[in-house]
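Written out below as structure tokens is the structure these notes cover.
The values are calculated or read from the model by the stated rules, or taken from the named source; none is laboratory data. These figures come from a predicted structure and were not determined experimentally. Positions of Cβ are generated from backbone atoms using ideal geometry, with glycine treated the same way; all protein chains shown enter the neighbour counts. The accessibility values were calculated without ligands, DNA or RNA, using every heavy atom of the protein model including side chains. Shrake-Rupley method; radii C 1.70, N 1.55, O 1.52, S 1.80 Å.
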Amino acid sequence: MMRIKALPDVPRWAVLAAHAVPLVTLPSGLWRLALVAGLPVTQDTGLGPLGFGESVYVVSLSVVSELLAFLTLGLVRSWGEVFPRWMPFLGGRRVNPAAATGAALAGVAGLCAIAAWGAYASYAGLGPGIPATPAQDALLVACYAPLLAWPVLLAAVTVAYRRRRRGDERRGGGRQYGAGRPAASSWV
């Protein structure tokens, strides 16, 4: 059986939820990459393929969203407790639990706002829409629907992180995972 890496005091459900976040963002990123590659995920609008700038934007959006999703793993791994040594100015220092929690909750709020705007824009008929066949529409929904789980999973993992770290603060600092020179495998 595959072993998922996490700190020993993290609940199993939180580890699974944190590892699910990059997976729920993956289908939408793959859909966008298919769009850039010219695969038939939408109907031809007669405008031709995406321009260079649009292609760079779409690929960047996919990469950035996946990188942000991977940050959720920091809430269950050692680099969420102590910054990795290779980071300039911060390496080896403790992560401020309030800052990490605040950043994660800001992410939750942003994701909820994006989802609400998308639902409103779709309902109100804002924008030109994406011309597609019913099969292409089904593919689009199948690729983007998992994104609705992202803020829920992130919120749950954030609450577990905060509870765990608050317990450490009450006990006088608790353990510092990764303090000193971390093992090479601890950043994987």
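Restricting to the range 74-89, what's the tally of residues that are surrounded by 13 or more Cβ atoms within 10 Å (Cβ to Cβ) and of a type in the set (A, V, I, L, M, F, W, C)? Spell out how you get there, then give the answer.
We begin by selecting, within the range 74-89, every residue surrounded by 13 or more Cβ atoms within 10 Å (Cβ to Cβ); these are 74-85.
Narrowing further to those that are of a type in the set (A, V, I, L, M, F, W, C): 75-76, 79, 82-83.
Number of matching residues: 5.
Please determine whether any residue of the range 33-43 is more than 24 Å from ARG163 (Cα to Cα), open to solvent by less than 20 Å² (accessible area, probe 1.4 Å) and more than 22 Å from the chain's Cα centre (by Cα).
Taking every residue of the range 33-43 in turn, at least one turns out to be more than 24 Å from ARG163 (Cα to Cα), open to solvent by less than 20 Å² (accessible area, probe 1.4 Å) and more than 22 Å from the chain's Cα centre (by Cα).
So which residues in the range 49-59 are under 12 Å from LEU33 (Cβ atoms) and either open to solvent by 80 Å² or more (accessible area, probe 1.4 Å) or under 18 Å from the mean Cα position of the chain (by Cα) (or both), if there are any at all? Outline the logic, then answer.
The initial filter retains those residues of the range 49-59 that are under 12 Å from LEU33 (Cβ atoms), namely 50, 55, 58-59.
Within the range 49-59, VAL58, VAL59 meet the criteria.
Which residue out of LEU75, LEU111, LEU67 is within 19 Å of TRP13 (Cα to Cα) and within 14 Å of the chain's Cα centre (by Cα)?
Details: LEU111 fails: within 19 Å of TRP13 (Cα to Cα); LEU67 fails: within 19 Å of TRP13 (Cα to Cα).
The match here is LEU75.
Just wondering, is there one or more residues in the range 60-73 that are over 25 Å from VAL159 (Cβ atoms), touching a Lys or Arg at 6+ places or on another chain (Cβ under 8 Å), assigned to a helix (DSSP H, G or I) and open to solvent by 20 Å² or more (accessible area, probe 1.4 Å)?
Yes, there is a match, as at least one residue in the range 60-73 is over 25 Å from VAL159 (Cβ atoms), touching a Lys or Arg at 6+ places or on another chain (Cβ under 8 Å), assigned to a helix (DSSP H, G or I) and open to solvent by 20 Å² or more (accessible area, probe 1.4 Å).
Of the numbered conditions (1) modelled with pLDDT under 70; (2) surrounded by 11 or more Cβ atoms within 10 Å (Cβ to Cβ); (3) assigned to a helix (DSSP H, G or I), ALA109 fails exactly one; give the number of that condition.
Here ALA109 meets the rest and fails (1).
So for the range 124-143 (the condition being buried (at least 16 other Cβ atoms within 10 Å of the Cβ), assigned to a loop (DSSP other than H, G, I, E, B) and at pLDDT below 90), does at least one residue qualify?
No, the range 124-143 contains no residue that is buried (at least 16 other Cβ atoms within 10 Å of the Cβ), assigned to a loop (DSSP other than H, G, I, E, B) and at pLDDT below 90.
Say whether the condition of being modelled with pLDDT of 95 or more and part of a helix (DSSP H, G or I) is met by at least one residue in the range 29-42. Talk me through it step by step, then tell me what you get.
Looking only at the range 29-42, we keep the residues that are modelled with pLDDT of 95 or more, and these are 29-30.
Now drop any that are not part of a helix (DSSP H, G or I), which leaves 29-30.
Looking through the range 29-42, at least one residue is modelled with pLDDT of 95 or more and part of a helix (DSSP H, G or I).
Specify the residue that is farthest from the chain's Cα centre (by Cα); the eligible residues are those in the range 115-168 that are more than 24 Å from VAL10 (Cβ to Cβ) and polar (S, T, N, Q).
In this case the residue turns out to be THR133.
Those residues that are open to solvent by less than 20 Å² (accessible area, probe 1.4 Å), aliphatic (A, V, I, L, M) and under 19 Å from LEU111 (Cα atoms), I need them from the range 15-32; list them, please.
ALA17, ALA18, VAL21
Working carefully through the options ALA100, ALA104, ALA119, find the one that is of a type in the set (A, V, I, L, M), at negative phi, exposed (fewer than 12 other Cβ atoms within 10 Å of the Cβ) and part of a helix (DSSP H, G or I).
That would be ALA119, the only listed residue that is of a type in the set (A, V, I, L, M), at negative phi, exposed (fewer than 12 other Cβ atoms within 10 Å of the Cβ) and part of a helix (DSSP H, G or I).
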